[in-house]
Amino acid sequence: MESWKSACNSQVVSIYLKKNKILCNTFENQNTNQENIILSNDFYTTSIVPHSGIIIKICRAYTDSQEDFEDFYQEACLQIWKSRNAFQGKSKWSTWIYRVTLNVCLTLVKKKRKRGYSQEIRNEALEDNKAFENEDLNLLYAAIKKLSEIDRAIILLHLEENSHKEIAAIIGTSPNNIAVRINRIKKQLKKLLDGKIN
Amino acid sequence: MEKSIENIWIKGFMNTEKLQIPKVVNLYNKKSDLLLEKIKHTYSKDNKSVLYIAAFFGIIFSLFGYILLGLYGMSLMIAMYFLNKKMLKNLENIPIINDNYQYLKAYRIAIKKIIAATTKLLGFGFPLVVIPGYWLFFRNTEMYTSMMDKIEPLNLFLGVVAFAILISFLGILIYKLTTKLVYGNQLQRLNDLINDMEELNKD
């Protein structure tokens, strides 16, 4: 381990070794020519940015404004960074990110803002979801936001192609319950989107 | 291609490189926005200041001749410091790495612990501060001596108990109202989420 540290020629804070993937967290890295090492100036660039899509997709589903979205994203990154030392490689790094990001989204308080309440998801999609270029995706997000917060988590994890077992492990229930709930959510979404998708 | 939600998702995120990553500023020095972490931060900061206030209280009252009152106030504040410190230690590790259900339950327990500890502190602490404080301050005054001559010991005892109950009740009432304003929504949301999770487990 000492040779690795000296090879990095930097202040190595923590090193996670997992199969061929090495996440090396450094603050002052001067030598970036190491083979097989994902090395960069900080943990954020090496360990969060490659998975930022996960965080963005989840945070978007729990926020209604760009300001809230950015706050949720930053908080998720902060909590991932703060809890990094507890990661022991028993689960996938992406599973870890899903779990922490969802925990942040389920407990972070949104900023209060004045806005009218609209039942029409097309209007909400136009108001809130300019983030994505694809119009159908914006409509799908608006429909997902109509679901309960737990159902949102389940369907997002399903759409991200996690298995029922993985979803159950992240949420804290059994795979059978997840399977039943996914069917119910899909029916709900279909009803919400009926006639809205071209 | 059929427009199932899975297809919309896949097609929508086909070009993930187009996803705009929010600008992250000073991440490693940022203070957390989570309610529990904010409470922990405020408690920890306030708790340190309790020590300074205790020292100030002790010195000022001693200088004005109320040594006993100064020492009494100081010891109460030091006791409060250690109680708060113990409570903060209990809140240290809310496991954000746990599954969502376990995390939400731990989060709710932590907030309830804070509320319970502060309610107890106000319920018992408020009368403990006010009544002996008054006594220590007025015990050598003429007003106190003349009042003692006029009031029967039993009546005095009953009066003090009634006063203690009243200020304890007032302290708790004010705290409960404040708590409802500060934590009410968050607790309601946590309850709803946990209930939803428990419903899911029954499916």
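Simple rule: put +1 on each Lys or Arg Cβ and -1 on each Asp or Glu Cβ in segment B:96-203, find the dipole, and look at B:Gly159, B:Val182, B:Gly125; the Cα lying farthest toward the positive end is B:Gly125. Once the 1.4 Å probe is applied to the protein heavy atoms, segment A:124-198 comes out at 45 Å² accessible per residue.
Multiply the residue gap between B:Ile151 and B:Asn15 by 0.36 nm, knock off their C-alpha separation, and tell me the result in nm, one decimal place.
Length difference between fully extended and current span is 40.4 nm.
The residues of segment B:91-109 occluded by other protein chains by 40 Å² or more of accessible area, set against the chain on its own, are B:Ile96, B:Ile97, B:Asp99, B:Asn100; surface from heavy atoms, 1.4 Å probe. Applying the criteria of a DSSP loop state and at most 16 other Cβ atoms within 10 Å to the trypsin sites (Lys or Arg not before Pro) of segment B:95-171 yields B:Arg139. Phi angles across segment B:185-202 convert, under the Karplus curve 6.51 cos²θ - 1.76 cosθ + 1.60 with θ = phi - 60°, into 3J(HN,Hα) values of 5, 5, 5, 4, 5, 4, 4, 4, 5, 5, 4, 4, 5, 5, 4, 4, 5, 7 Hz, Gly and Pro given as x. As a length-normalised measure over Cα pairs under 8 Å and 6 or more apart, the relative contact order of segment B:31-92 settles at 36 percent. Accessible area per residue for chain B is 65 Å², calculated with a 1.4 Å probe on protein heavy atoms, without ligands, DNA or RNA. Counting protein heavy atoms only, chain B has 66 percent of its accessible area on carbon and sulfur, 1.4 angstrom probe.
The phi-based Karplus calculation (6.51 cos²θ - 1.76 cosθ + 1.60; θ = phi - 60°) puts the 3J(HN,Hα) values of segment A:72-88 at 5, 4, 5, 5, 4, 4, 4, 5, 5, 5, 5, 9, 4, 5, 7, 6, 10 Hz, whole numbers, x for Gly and Pro. Only one residue of B:Met77, B:Tyr134, B:Ile172 has its Cα farthest out toward the positive end of the dipole of chain B, where Lys and Arg carry +1 and Asp and Glu -1 on Cβ, and that residue is B:Met77. Pairing chains A and B buries close to 4800 square angstrom of accessible surface in total, based on protein heavy atoms and a 1.4 angstrom probe.
Rounded to the nearest Hz, the phi-derived 3J(HN,Hα) couplings of segment B:45-50 under the Karplus curve 6.51 cos²θ - 1.76 cosθ + 1.60 (θ = phi - 60°) are 5, 4, 5, 5, 5, 4, where x marks glycine and proline.
The alpha carbons of segment B:31-92 occupy a box of 46, 19, 10 Å along the principal axes, longest dimension given first. Which of rounded, prolate, oblate describes chain B, given a ≥ b ≥ c as roots of the alpha-carbon gyration tensor eigenvalues and a/c under 1.5 marking rounded, otherwise prolate only if a/b is larger than b/c? Taking the square roots of the gyration eigenvalues as a ≥ b ≥ c, chain B is prolate.
The values are calculated or read from the model by the stated rules, or taken from the named source; none is laboratory data. All figures in this text were calculated on a predicted structure; none of them were measured in a lab. Using ideal geometry, Cβ is built from the backbone for each residue, glycine included, and neighbour counts are taken over all protein chains shown. Quick note on the areas: whole protein, heavy atoms, side chains included, nothing else; ligands and nucleic acids left out. Shrake-Rupley method; radii C 1.70, N 1.55, O 1.52, S 1.80 Å.
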